[in-house]
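Take a look at the structure set out below.
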Amino acid sequence: VAYAIVQLQVRERRLEVSRDDVLNLFFWGIVGLLVGARLFAVTIYDPSGYYLSHPLQIIVPVASAGGRLRFTGLAGMSYHGGLLGAIVGMVIFLRVKRLPVLDWGDMIVTGSALGYTFGRLGNFINGELYGRITRLPWGMVFPQAERFPAKEPWVQEFAAQVGVAVTNAAGAVNLPRRPSQLYEAFFEGVVLWAVLWFLLRKRKAFPGQLMAVYIMGYGLVRFLIEYVREPDADLGFPIQLVRLANPYLDFSPLNFTTGQLLN
């Protein structure tokens, strides 16, 4: 999607670049994206230090367990690391080709904003990066989400309010959560793309303006959505200005996640 949108802009503006140049630009951007996203995920988002003692697991999708190899995949990618890596990869390519970085950057972010939508839809399909528990009617139960002890009074009360049956008081309950991946797909993807494409693309005042709007727009929207997104279990809230009796139920706008700090 992002590639098609950039190619459309190249044709509209009748730029003298070949299709191969655009393909190579995206190739090096994707290489940078994968490297940056993976490195951020195994450093900033892994406080356990597992990857420092198992560095091959950063790039090898199998691990040895009990003398046998098992497929682990390469779970863990960071948007912010991917953004930084993509910028580095594409800027190097544009410099080598002697193409204007800011002008091309405007075309790229206009396409990548809509392409990003599919990343969040992938998170939704995978049932990962879900939101906080909610009583809202569009709350969803994600199979891999953290469960709560059924014996806790607040869990029983919450489950009763949302219509979730507690059949085993000694077990655990999976409560409905906000589909924050869909919030992000819509606002960080579709809405931000629409602003760039329909409102600003043909009215920009200077080269690089669309890049600036994209980065600030994404940062603002993601910062706000992080309030309803479940923070990473190992990281929680690095900044807690207000202590909460029950962080699953209670909320304070003065407590910030790692994602919000990066944004």
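The values are calculated or read from the model by the stated rules, or taken from the named source; none is laboratory data. Remember, predicted model here, so these are calculated numbers, not experimental data. Cβ sites come from the backbone with ideal geometry, for glycine too, and all protein chains shown count toward neighbours. To get the accessible areas, we keep the full protein, side chains included, count just its heavy atoms, and leave off ligands, DNA and RNA. Shrake-Rupley method; radii C 1.70, N 1.55, O 1.52, S 1.80 Å.
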Selection status of M90, closer than 26 Å to W193 by Cβ, in a loop (DSSP other than H, G, I, E, B) and under 21 Å from the mean Cα position of the chain (by Cα): no
Answer with yes or no whether F187 is out of contact with any helix residue (DSSP H, G or I) (no Cβ under 6 Å at 6 or more places or on another chain) and outside any loop (DSSP other than H, G, I, E, B). no
Scanning segment 37-57 for residues that are of a type in the set (S, T, Y), open to solvent by 80 Å² or more (accessible area, probe 1.4 Å) and either in contact with an Asp or Glu (Cβ under 9 Å, 6 or more places away or on another chain) or assigned to a loop (DSSP other than H, G, I, E, B) (or both) gives S48
Is it the case that some residue within segment 161-172 is out of contact with any His (no Cβ under 8 Å at 6 or more places or on another chain) and in a helix (DSSP H, G or I)? yes
In segment 244-260, residues that are touching a Ser or Thr at 6+ places or on another chain (Cβ under 7 Å) and not in a loop (DSSP other than H, G, I, E, B) total 0
Residue by residue through segment 66-87, note down the ones that are outside any helix (DSSP H, G or I) and of a type outside the set (A, V, I, L, M, F, W, C). G66, G67, R68, R70, T72, G73, G76, S78
Counting only residues that are among the aromatic types (F, W, Y) and either surrounded by fewer than 19 Cβ atoms within 10 Å (Cβ to Cβ) or at pLDDT 95 or above (or both), which one in segment 113-143 is farthest from L83 (Cα to Cα)? W138
Against the definition (of a type outside the set (A, V, I, L, M, F, W, C), surrounded by 16 or more Cβ atoms within 10 Å (Cβ to Cβ) and over 20 Å from the mean Cα position of the chain (by Cα)), how does D103 come out, yes or no? yes
If we keep only residues of segment 26-36 that are of a type in the set (A, V, I, L, M) and surrounded by fewer than 22 Cβ atoms within 10 Å (Cβ to Cβ), then the residue farthest from the chain's Cα centre (by Cα) is V31
A63: passes all of (1) open to solvent by less than 50 Å² (accessible area, probe 1.4 Å); (2) closer than 25 Å to L262 by Cβ; (3) outside any helix (DSSP H, G or I); (4) aliphatic (A, V, I, L, M) but (2)
